[in-house]
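Undergrad: Here it is: the structure, laid out below.
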Ligand SMILES: [Zn+2]
């Protein structure tokens, strides 16, 4: 009898251990994906900051030696590309990089990551420019193929695809969020006329930027 009780006690203990084990495993499973993402995001941001620093140092040096005379930033881009020896891209998270001419004395030419730069307003402005430029080229390509009014177009932004939607033709787009009340992420809209893109609205979660042929850029990320 005693032995039987002992055994029972042990099996009770074993059951408790098993339940605890399952509980711990469940907790691990629950947190492992968010934890992994968190570490991955931190690692990407760190890797990006190192690559940016190296590229910026090389830009500063090249600028000091002879400046950049081009209007399309190709010389500065060539310097940034040279700084990437042994790696495919500047940003491990796939962020586009931009060359910004600030006109300041300290650093007249800076390289900025489209994901990791601390200035969200600047990021929105650069991303909006980038998307509009791609849209114009894509509209031209579609028209050359016999599609005068494409209803949606796909561009790439920070390594991911972004779908831009045609808004009601002729209607001015006041804000990127105008047509999406449940807006959460990044959106882009355009209207077309015979000459190409006539209005364009871009918004990410922090800021928006709007362009019209008549008024140029306006919105949260551009001086009105
Ligand atoms: Zn980055």
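The values are calculated or read from the model by the stated rules, or taken from the named source; none is laboratory data. On a predicted model such as this, the values are computed, not experimentally measured, just so you know. All Cβ positions, even for glycine, are placed from backbone atoms using ideal geometry, and neighbour counts span all protein chains on display.
Undergrad: Give the number of residues within segment 73-89 that are farther than 20 Å from residue 156 by Cβ and either touching a residue at least 24 places away in the same chain (Cβ under 8 Å) or within 14 Å of the ligand (Cβ to nearest atom) (or both).
TA: The qualifying residues number 4.
Undergrad: All but one of (1) buried (at least 17 other Cβ atoms within 10 Å of the Cβ); (2) at negative phi; (3) under 17 Å from the mean Cα position of the chain (by Cα); (4) assigned by TED's automatic domain parsing to the domain that holds residue 193 hold for residue 150, so report the exception by its number.
TA: (3)
Undergrad: Please specify each residue of segment 90-118 satisfying the condition of being at pLDDT below 90 and within 14 Å of the ligand (Cβ to nearest atom).
TA: Answer for segment 90-118, where residues must be at pLDDT below 90 and within 14 Å of the ligand (Cβ to nearest atom): 117, 118.
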